[in-house]
Amino acid sequence: MKVNGKSYRTVWMEGNIVRMIDQLRLPHEFKIHECKTYLETADAIKNMTIRGAPAIGATACYGMAQAVSAGVSIDVAERELGATRPTAHDLFDAIGFFRKRYNGSNAAAVASSYADASVERCRKIGEFGQRLIKDGMRVLTHCNAGWLACVDYGTATAPMYVAHEKGRKFFVWVDETRPRLQGAKLTAWELSQCGIDHAVIADNAAGYFMRRREVDIVIVGADRIAANGDVANKIGTYEKAVLAKESGIHFYVAAPASTFDLEARTGSDIPIEERGGDEVAFIEGVRITPEGSKARNPAFDITPAKYVTGIITEEGILNPWEKPASLV
Ligand code: MRU
């Protein structure tokens, strides 16, 4: 994707340094963050300098390469990187990919091939998904499942970018997603860079616009998809799905095969990260709740498969109970 006219991936490796777009500074500052060791790379995932399921996966794979190239044992590297975030399945997919292909001397090549394959998966998601976006449509997306959440293209946004390239005119409602304001800060920034017409709305406003028939389709990403089609995604996704069903609006999930976890039978088997309450109690460093009020902060929720119209994958648009052919 282009930033001020220059092509970037979200994360890449040069020599033994992992570089990434610093997502904690967007949209106000565009800065490249450098990780010189695999522990710094693990920290960048943990503190969400980089985030989003496929981006976490690619970064972890680069981290594995950094570690083994510096003489760290592969088991130690896996332990550190695998403990960074619990929900995104791509993290474990990437570490597994690295372990399977690393032969003692090809670390950087294995990690680059994972990142390249991830880009290709998202590009294909865009190709399959673009046909859902017709001229004049109003698309709603939640959180950031954009190219910042991947290595390129995005998952939920990939169909939008391809439709845009094809010259289709459409509009995007961007949920801001408290507590981390990822729609407002990241998705709105991406769409602005690309020149796609959009408006940021408070999370609570989605139902209002759906009821007024101002939303034609919902497309979101996923952090993990269970064998029965239940979807873990950013907190608030479940509400959007229920509202969409109630309003007769199609609700699509866009995700690569690397996000499917067939060992999780249903959404109840998916570990949900609960983050610190301060993310709820503070905005940009300013407390907005009374001192002493407790806060809870689940980062993801589960949308039961019955609310999902289809899952846009790199292998085609699947019914929620279907699995990508490459996994079965
Ligand atoms: O907590 P995050 O920012 O890592 O969560 C990201 C999301 O929930 C995205 O919607 C999801 O990863 C889909 S990714 C393309």
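Nothing in this text is a laboratory measurement; each read-out follows from the coordinates by a stated rule. These figures come from a predicted structure and were not determined experimentally. Cβ coordinates were reconstructed from backbone atoms using ideal geometry, including for glycine residues, and neighbour counts include every protein chain displayed.
A few comments on the model shown:
- Alpha-carbon radius of gyration plus Dmax, which is the widest Cα pair, for the chain in Å: 18.7, 59
- Simple spin-label estimate for Glu127 and Arg296 in nanometres, 7 Å along Cα-Cβ: 4.4 nm
- The mean sequence distance of close C-alpha pairs (under 8 Å, at least 6 residues apart), as a share of the length of the chain, puts its relative contact order at 16 percent.
- Within the chain, DSSP assigns beta bridges of which about 55% are antiparallel (rounded to the nearest 5).
- Residue order, fewest to most surrounding Cβ atoms within 10 angstrom, among His198, His89, His142, His250: His250, His198, His89, His142
- Distant-in-sequence amide contacts of Ile235, defined by a placed amide H-H separation under 5 Å and a gap of 5 or more residues or a different chain, comprise Phe300, Asp301.
- Nearest 10 degrees, 0 to 90: helix 53-69 Cα axis against the chain principal axis: 10 degrees
- Among Leu81, Leu262, Leu148: highest mean-square fluctuation, GNM of the chain, C-alpha pairs under 10 Å: Leu262
- Shape call, segment 1-112: gyration tensor on alpha carbons, a/c limit 1.5: prolate
- Share of pairwise Cα separations in segment 87-216, more than 26 Å, in percent: 31 percent
- Highest GNM mean-square fluctuation among Asn16, Asn106, Asn233, for the chain modelled with Cα contacts below 10 Å: Asn106.
- Degrees between helix 237-246 axis and first principal axis of the chain (Cα, 0 to 90, nearest 10): 30 degrees
- Hull shadow area, averaged, segment 196-237 [alpha-carbon convex hull, nm²]: 4.1 nm²
- For segment 63-172, the relative contact order is 23 percent, taking Cα pairs closer than 8 Å that sit 6 or more residues apart in sequence and dividing their mean separation by the residue count.
- Highest average first, the peptides 178-191, 311-324, 160-173, 214-227 ordered by how many other beta carbon atoms sit within 10 Å of their residues are 214-227, 178-191, 311-324, 160-173.
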